[in-house]
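First up is the structure itself, then whatever we jot down about it.
No lab work stands behind these numbers, since they all come straight from the coordinates. This one's a predicted model, so the numbers in the text were calculated from it and none came from an experiment. Cβ: placed from backbone, ideal geometry, glycine included. Neighbour counts: every protein chain shown.
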Amino acid sequence: MTDDIAVKVHNLHTNFEIAESKNTSIKQLLVNAGKKHIKQRQKVLDGIDFEVKKGEFFGIVGRNGSGKSTLLKILAGVYAPDSGAVEINGNLTPFIELGVGFNPELSGKDNVYLSASLLGYPRKVVDGMYDEIVDFAELHEHMDKKLKNYSSGMQVRLAFSIAIKAKNDILIFDEVLAVGDEAFQQKCLRIFEEYRRTKQTVVLVTHDMSTVRNLCTRAMLIDDGKIVHIGSVDSVAEQYSDMNTKKDDAQETALKMPRTLRNPRTHSLLSNSQ
């Protein structure tokens, strides 16, 4: 990997095993005891190949279930792929899920030190950034309370504040602008605009095409675990919008069809009986 590349992903494949039946009661557990449980393998990522250059603000877009969040978790080291390779050139800070690395029984203050230590920062360094983290989160009067007493919005603010202050070479964000109140979202946008101006390497997953157009320097569209397009933000945003329109139209058409036509097997049986 050359020095100008921050992230390189080569031929990534990932599958999840999903049980076809679940025991949702004690009765079902007893009835199914000793039975062989069949599991389906669901392909989540299928041959993903791309690079993110240093200084890029790289957007990843796709419909729900397309594999975006799984891809970010592999980049962050949370998941391991079934095959393929991921190369990270530099230190990486992920902001993927609310509360990852948080302990609800600890205070907000203790969670700042816990999360920062998981990112590799010694206590003395965290001492120097602690006030800035609390200032950005605007949680001064809550830092001695246990995290389990925080609202989800308060937890988001604290987690995001840690991520941006414990700044690393590469930052990964998953739908951070979809949570929190409007004032917090505006603060996030200002931070992201600063990242773009200073050429901080960022990988951002979002459904908001205006965010992609305004912040990202390049983007990638994935669907059903495969890359559909990588290129300019305008071309990716346009293709994503077209994809949504076509799938929504197909769903609307299916709903308007008679029930027998929606089920090919039923329709076939009816045809054969005539």
With a Förster distance of 45 angstrom and the Cβ-Cβ distance between LYS256 and ASP169, calculated FRET efficiency to the nearest 0.05 equals 0.30
Set LYS53/LYS73; LYS43/LYS73; LYS8/LYS73; LYS54/LYS246, cut-off 26 Å on Cα-Cα distance; pairs above it are LYS54/LYS246
In order over the stretch 231-244: 3J(HN,Hα) from phi, Karplus 6.51/-1.76/1.60, θ = phi - 60°, whole Hz, x for each Gly or Pro, gives x, 5, 4, 5, 5, 5, 4, 5, 5, 5, 5, 4, 4, 4
Listed by chain and number, the aspartates and glutamates with an alpha carbon less than 16 angstrom from that of LYS247, same-chain partners under 8 positions apart left out, are ASP223, ASP224, GLU238
Amide H neighbours of ASP82 at under 5 Å, excluding residues fewer than 5 places away on the same chain, with H built from the backbone geometry, are HIS13, THR14, ASN15
Close lysine pairs (the stretch 139-238; alpha-carbon distance under 27 Å; 8 or more apart or on separate chains) counted at 14
A student applying the Cα gyration tensor rule (rounded when a/c is under 1.5; otherwise prolate if a/b is larger than b/c, oblate if not) would label the stretch 104-210 oblate
Phi-derived 3J(HN,Hα) across the stretch 50-58 with the Karplus relation (6.51, -1.76, 1.60, θ = phi - 60°), rounded Hz, x for Gly and Pro, is 6, 10, 10, 7, 4, x, 7, 10, 9
